[in-house]
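So the structure is just underneath, and the comments pick up after that.
The values are calculated or read from the model by the stated rules, or taken from the named source; none is laboratory data. These figures come from a predicted structure and were not determined experimentally. Ideal geometry is used to build each Cβ from the backbone, glycine not excepted, and the neighbour counts take in all protein chains shown.
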Amino acid sequence: MSERPIGVIDSGLGGLTVLRALIDLLPDEPVVYFGDTGRFPYGPKPDRDVVKYAFEMADLLADHDAKMLVVACNRASSVALDALRRDCGMPVIGVIEPALRAAIRVTQTKRVGVIGTVGTIASGAYQRAAAATGTGIALTCAACPGFAEFVEAGDVDSQEVHVLAERLLAPVRSAGVDTLVLGCTHYPLLARTIGDVMGRGVVLVSSADETAFEIRTLLGGAGHAHRPGSEAPRRVFVTSGDLDTFRTLGARFLGPEVETVEAWEWS
């Protein structure tokens, strides 16, 4: 089990923020990453379609003999996590609960904001998770259509992005939040723009680091962590979209680890 890879799925490139944290924390772990860029974006798609896509990706990574599935997509986590945990035959970790736990630790005022895709916010997943903590935090949620699309296009700091952020972040700014959860794994790549708009007094929380810590705890507790060896761990990237675009933006957002990229076409 320890020699098998960790499987990571996302609607596109955003999950690379989770993978970056995972590689930094567990550098010896082999990884298989699937970015479903051919069917991106997931945000506006119906729940049933997103659940279907999540299971198709999980099946693909099971074929790669993954020992664990990391759902590095807030949209998929919001609607498919329980079903994946029940049916996919391997441990499954999402990104919503780790991000909320981090926000609860950080907030001083208990006024927390969450931004995400239209589908993630409409699902109520963050609202339910916050209520389940019993901490009494006041949650303000705002959908940010267009953010993930800019990231997938490689544009994270243009004036157009900044103007869009000013408009979409207005509800959480008006609510006076002191902590903002980046409820889409694409959004950390927009952190500079989001931080400029929100101001220095607001802490931005990404689920990436917290999810990586949870993975380490789960693997260590089960005795399934990969043992350090003389060879570099194998890291495989699969995309349903354009290979060259994935290679270029993947290397930009993740780093030199993006070497082997394989094409996948849904039938």
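For region 164-177, the set of residues classified as within 10 Å of GLY113 (Cα to Cα) and crowded, with 18+ Cβ neighbours inside 10 Å consists of LEU169, VAL172, VAL177, listed by residue number.
No other residue among VAL202, VAL177, VAL161 is among the hydrophobic types (A, V, I, L, M, F, W, C), touching a helix residue (DSSP H, G or I) at 6+ places or on another chain (Cβ under 6 Å), at pLDDT 95 or above and not assigned by TED's automatic domain parsing to the domain that holds ALA62 apart from VAL161. Within region 250-267, residues that are free of Cβ contacts under 8 Å to residues at least 12 places away in the same chain have Cβ atoms under 7 Å from residues that are assigned to a loop (DSSP other than H, G, I, E, B) and not basic (Lys, Arg) in these pairs: ALA251/VAL258, counting only partners at least 6 apart in sequence or on another chain. Screening LEU189 on (1) in contact (Cβ under 8 Å) with a residue 40 or more places away in the chain; (2) not in a helix (DSSP H, G or I) shows it passes everything except condition (2). Being loosely packed, with under 14 Cβ neighbours inside 10 Å, more than 18 Å from the chain's Cα centre (by Cα) and at positive phi is true of GLY199.
Quick grid of which residues meet (1) closer than 26 Å to ARG20 by Cβ; (2) among the hydroxyl-bearing types (Ser, Thr, Tyr); (3) touching a helix residue (DSSP H, G or I) at 6+ places or on another chain (Cβ under 8 Å):
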{"position": "THR133", "(1), (2), (3)": "no, yes, yes"}
{"position": "PHE150", "(1), (2), (3)": "yes, no, yes"}
{"position": "GLU166", "(1), (2), (3)": "no, no, yes"}
{"position": "PRO171", "(1), (2), (3)": "no, no, no"}
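For region 76-114, the set of residues classified as charged (D, E, K, R) and either in contact (Cβ under 8 Å) with a residue 24 or more places away in the chain or not in a helix (DSSP H, G or I) (or both) consists of ASP87, GLU97, ARG101, LYS110, ARG111, listed by residue number. Within region 219-250, being among the aliphatic types (A, V, I, L, M) and modelled with pLDDT of 90 or more holds for VAL236, VAL238, LEU243, LEU249. Looking at this structure, is GLU3 surrounded by fewer than 24 Cβ atoms within 10 Å (Cβ to Cβ) and in contact with a strand residue (DSSP E or B) (Cβ under 8 Å, 6 or more places away or on another chain)? Judged against the criteria, GLU3 is not a match. Selection of region 21-32 for residues being within 12 Å of the chain's Cα centre (by Cα) and within 19 Å of ALA58 (Cα to Cα) yields only LEU22.
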